[in-house]
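This report concerns only the one structure given below.
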Amino acid sequence: MEKGGRQEIAECGSGARNIGTVKQIAELLARTPFEAFSIGTTTGREYRVGHPENAAIVGGRVVVASLDDEGVVTLSGLHIAEIKDFSRSQGIK
């Protein structure tokens with residue numbers, strides 16, 4: 001656990017998938033007008049991004065300011081299982 005938040009890191013997976021997933025999130029954050037989305041992890045956790053300032057891409061990882069008691073969460077792209085884009089009827093995998 002990091003000071004001020006949680007860190008979820010996966011130890012296995014595809015590097016290409018990691019880059020693609022982080023790129024998708026960067027595109028969602030830059031979308032105008034912004035529309036909320038959530039990030040689901042391989043551990044079953046889900047983090048809602050309700051505003052573009054609630055998440056950032058830092059060093060190839062996604063940093064989310066969690067709206068619950070968790071504070072700041074750092075997610076490896078390898079650990080992201082699903083992106084739910086609320087502007088669409090289904091999630092992006």
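FYI, it's all coordinate maths here, none of it is from the lab. As the structure is a computational prediction, the values presented were derived from the model and not from experiment. Methodologically, a virtual Cβ is constructed for each residue, glycine included, from the backbone with ideal geometry; neighbour enumeration extends over all protein chains shown.
Put simply, when 25-37, 54-66 are sorted by average Cβ atoms within 10 angstrom per residue, most first, you get 54-66, 25-37.
Name the shape class, rounded, prolate or oblate, that the alpha-carbon gyration tensor gives for the stretch 20-93, where a ≥ b ≥ c are the square roots of its eigenvalues, rounded holds for a/c under 1.5, and otherwise prolate holds if a/b is larger than b/c and oblate otherwise. Could you put the intermediate results ahead of the total?
Values: a/c = 1.24, a/b = 1.15, b/c = 1.08.
Because its axes are fairly even, with a/c under 1.5, the stretch 20-93 counts as rounded.
Of the GluC sites (Glu not before Pro) in the stretch 45-86, the ones in a loop by DSSP (not H, G, I, E or B) with at most 16 other beta carbons within 10 Å are Glu70.
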